[in-house]
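A short worksheet on the structure shown next.
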């Protein structure tokens, strides 16, 4: 396996383990209940949403926001962002999320009242504005986080020792 692929694979596995361990040791409180229970349960059950999502979203005063969002089956999350070109520092946010109606989740940070909205689609999340509305304009398609599984089975089904 080439060094670059091995390095990426190890980084992905270590990131997944770190996120899992971090979330397992945290106690977080639900922020609120969904307003439309039927729609929220339908979205939650019909899409395979737990996982790690990555993207590079627009930023007004930097090159972009490198984003990693881990959604867990217990409705907890961890969000890691880095404002590229402004600071090399990773910002970590933890909290809970709820399913709202029409495949939308609302993330509520544990340490603040800050809410983030995402539209849940198959293997991707689309960041919404603070009112839960899709962004428009030339950068609208850049607000996407794509799902990356921590461990993917080999294509031929062989573990390859």
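May I ask you to list the residues of segment 53-67 whose amide nitrogen lies under 16 Å from a point 7 Å from Cα along the Cα→beta-carbon direction of residue 86? Within reach of a label on residue 86, which here means backbone N under 16 Å from a point 7 Å along Cα→Cβ, segment 53-67 contributes 56-67. The residues 71, 128, when put in order of fewest to most other Cβ atoms within 10 Å, stand as 128, 71. In nm, what is the difference between 0.36 nm times the number of residues separating residue 74 and residue 146 and their Cα-Cα distance? Net length gain for the segment: 23.9 nm.
Sorting 143, 135 from the fewest to the most surrounding beta carbons within 10 angstrom yields 135, 143.
Can you sort 144, 120 so the residue with the fewest Cβ neighbours within 10 Å comes first? Neighbour counts put them in this order, fewest first: 144, 120.
Once the C-beta distance of residue 121 and residue 59 is scaled by a Förster radius of 22 Å, the resulting FRET efficiency is 0.45 to the nearest 0.05.
No value in this document is a laboratory result; all are computed from the given coordinates. Source: prediction; values computed, not measured. A quick note on method: Cβ atoms are made from the backbone with ideal geometry, for glycine too, and the neighbour counts reach across all protein chains shown.
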